[in-house]
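Just so you know, all these numbers are worked out from the coordinates, no wet-lab data involved. It should be emphasised that the depicted structure is a prediction, and the values quoted were computed from it without experimental measurement. Quick reminder, even Gly has a Cβ in these numbers, built from the backbone with ideal geometry, and neighbours come from all protein chains shown.
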Amino acid sequence: MSNPSAPRGGGRLADNIAYFARALRQAGLPVGPGAVLDALAAVEAARIGTREDFYWTLHAVFVKRHEHSILFDQAFRIFWRRRALIEKLIAQMSPIAPGGPEEKKPQAGALRVAEALATPRQEPPKPVETTEFSARLTVSDREVLKAKDFAQMSAAEIARAKRLIAEMALPHDEVTTRRFLPDPRGRRIDPRRTFRRSLRGGGAAIDLAYRSAAVRHAPVVALVDISGSMAEYSRLFLHFLHAIAEKRRRVHSFVFATRLTNISRELASRDPDEALARASKRVQDWEGGTRIAHALHDFNRHWSRRVLGQGAIVLLFTDGLEREVTRELTFEMDRLKRSCRRLIWLNPLLRFDAFEARAAGIRAMLPHVDEFRPIHSLASMEQLCRALSGEPSRLSAPRQWLGAS
Amino acid sequence: MADRPGSIDETLSLLQGAGYVADRPLATVLFLALKLGRPLFLEGEAGVGKTEIAKVLAAALGRRLIRLQCYEGLDVASAVYEWNYAGQMMAIRLAEASGAVDRDALESDLFSERYLVKRPLLQALESDIAGAPVLLIDELDRTDEAFEAFLLEVLSDFQITIPELGTIKAEHPPIVVITSNRTREIHDALKRRCLYHWVDYPDAEREIAILRSRVPNVPERLSQEIVAFVQAIRKEDLFKAPGVAETLDWASALVELDAVALDPALVSDTLGVLLKYQDDIQKMQGSRAKEMLDRIRESLRTAE
């Protein structure tokens with residue numbers, strides 16, 4: 001499988017790079033066949049002299065995200081571990097010292113590659129999964145790591161959910177962009193189209209064309225509490241997030257109990273059951289304790305600047321039952337509110353008619369949300385969509401709940 | 001006009017000569033971008049010198065620098081080209097006044113280069129006496145996806161299609177540098193066409209070298225203390241760690257204040273140059289700064 005564009009004597013190199021690319025793919029890097037050709041061209045261009053140069057040359061081609069650097073580093077170390085392999089390849093490529101007679105037969109080389117390849121297969125760093133079953137419904141900051149299986153949704157249910165989401169209108173959902181679209185009832189003149197139209201008639205009469213600013217949906221960022229006390233809603237939330245991610249383009253989903261996990265990519269899978277299975281595999285702290293402040297801190301520090309741009313709406317699904325209420329919680333809530341356009345808190349505790357904002361966590365968080373959406377039953381997607389639609393009612397003002405008790 | 005560097009070492013010394021202290025990974029990726037004619041995609045925190053790389057590259061190679069600053073709503077009319085409508089209207093009136101209106105001739109005349117207003121991307125495709133220009137697409141994460149999609153054609157084939165004129169292709173492709181602060185993820189399709197590099201904060205040794213090269217009038221002792229302090233502060237749990245740009249600003253500020261060494265009061269007073277968030281400043285002020293300063297002094301003394 002020697003490549004026509006590979007350098008002289010580069011058959012081995014081409015093979016090795018292809019194998020290396022395959023190892024990277026297995027470790028989870030999106031490496032396409034095009035990248036292998038690029039890597040060959042790059043290695044040829046760089047005329048590598050040292051191991052470090054070789055490393056950074058391949059890095060430049062294969063790594064497209066900062067997070068992947070670590071994976072690449074490990075894969076590189078394991079794959080090219082046999083020092084002789086790199087040095088030989090370098091010697092082969094060097095125009096000055098053309099390698100000398102090959103000491104080993106091709107089979108030996110292939111064997112080495114096979115060995116090198118076998119290691120990363122077992123190696124991809126898997127976080128140690130501690131599985132511990134403890135159905136605690138109390139609020140605690142103990143970290144409970146737990147896997148979760150969801151009952152699947154029927155086709156009729158899915159169709160219904162999609163319809164509901166399509167009808168749902170989040171408050172303050174539309175953002176006016178600075179782009180323009182042709183609009184016969186627009187108020188601004190579109191010079192380019194006006195001119196082209198006028199020219200059609202020889203330029204004698206000017207036929208004005210109008211345009212107006214384009215409108216798009218605001219990005220949605222969902223922060224979902226999946227701790228023990230919220231367990232009965234997890235499935236609903238995940239289906240909601242999947243459906244909304246399919247309907248709109250920019251939806252970022254995060255779940256947290258004791259740690260924050262970004263599941264946007266997992267939810268992007270077309271099939272809802274597959275998406276949910278992938279997401280639940282990714283998340284390790286189903287129905288654990290709650291550490292809201294900690295999760296918000298993580299979000300603010302690592303994600304807010306990356307996902308809250310362009311006027312994002314934040315949907316916060318949590319009951320607000322934090323065991324220890326510290327200043328950190330108010331601080332992080334405040335920061336979150338100040339970095340997004342609208343912060344909407346949906347609290348299922350409001351299903352109890354006599355709900356009052358008594359819990360310290362709720363009282364600490366309330367002043368920092370734009371809207372506090374009451375919901376009387378959170379058993380169905382319909383209720384959820386209805387709660388999120390429409391203009392804020394009198395009940396949704398956070399002040400009203402603070403004053404009540 | 002300087003030639004393109006022939007090796008990684010030459011790239012390093014080229015940057016060094018222009019006053020940019022690069023590390024070897026950066027030099028490698030830059031060399032590859034030049035050699036393979038691929039766009040270079042630089043990502044990293046604000047103030048680590050991403051934009052500077054393009055500027056220095058243009059200066060060192062003696063090429064023209066064309067800068068496209070991105071913002072939300074950036075459209076084709078302000079990034080690529082626009083027709084000079086007023087000029088075209090005038091041409092029509094003049095043709096009418098002279099009496100002879102040949103429609104075909106008029107139309108081909110109206111949509112010619114004469115009435116084309118060229119914006120940065122189109123300018124970058126033009127040939128230049130000094131060689132292909134350096135095209136800097138700055139802070140790409142600030143635009144929306146629509147513009148990104150448009151860039152795909154420009155970056156893979158170095159050509160632009162203008163419906164009225166046809167396709168304009170660059171004779172010599174420009175050297176493209178794209179920067180992003182990662183306020184959102186850039187689409188994979190665009191990244192695939194580029195060589196990617198994450199520009200990180202420099203280590204202490206390199207930061208001292210940068211400081212020496214950029215602010216030469218800082219006393220040796222002070223520059224060591226400044227760099228040690230900044231390096232220590234980056235390890236703290238801050239919302240926004242200071243970048244190299246802040247280090248340089250701070251050094252200039254301290255020189256203006258005629259400082260020869262850091263002291264806690266001076267640090268507290270000038271912390272606003274280094275940190276830009278009130279809670280970060282609060283965290284670092286007072287005893288915390290003094291504590292850090294003492295530790296730095298200690299380690300500098302033992303190093304001597």
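For the reader, a short list of remarks on this structure follows.
- Applying the criteria of a DSSP loop state and at most 10 other Cβ atoms within 10 Å to the GluC sites (Glu not before Pro) of segment B:129-177 yields B:Glu171.
- 3J(HN,Hα) couplings calculated from phi for segment B:137-145 with the Karplus curve 6.51 cos²θ - 1.76 cosθ + 1.60 (θ = phi - 60°) are, in sequence order, 9, 8, 6, 4, 5, 7, 7, 9, 4 Hz; Gly and Pro show x.
- About the centre of its Cα atoms, chain B shows a dipole size close to 500 debye [charges on the beta carbon of Lys, Arg (+1) and Asp, Glu (-1) only; nearest 20 debye].
- Computed [θ] at 222 nm, deg cm²/dmol, chain B (DSSP H ≥ 4; -39,500 (n - 2.57); rounded to nearest 500): -15500 deg cm²/dmol
- Under 5 Å from the amide H of B:Arg64 lie the amide H atoms of B:Val134, each residue being 5 or more positions distant or on a separate chain, with H modelled from the backbone and absent for Pro and chain starts.
- Long-range Cα-Cα pairs in chain B (distance over 28 Å), rounded percent: 52
- For peptide A:57-70, the mean count of partner chain Cβ atoms within 10 Å of a residue's Cβ comes to 5.
- Farthest toward the positive end of the dipole of segment A:160-256, out of A:Ala231, A:Ser198, A:Ala218, is the Cα of A:Ser198, where the dipole comes from beta carbon charges about the Cα centre.
- Cα lying deepest toward the dipole's positive end in segment B:204-303, options B:Gln231, B:Val215, B:Leu257, charges on Cβ: B:Gln231
- If you wrap the Cα atoms of segment A:174-217 in a convex hull and average its projected area over all directions, you get 3.1 nm².
- Coupling constants for segment B:258-271 follow from the phi torsions by the Karplus curve (6.51 cos²θ - 1.76 cosθ + 1.60, θ = phi - 60°), and in residue order they are 6, 7, 10, 8, 7, 9, x, 5, 4, 4, 4, 5, 9, 4 Hz; glycine and proline get x.
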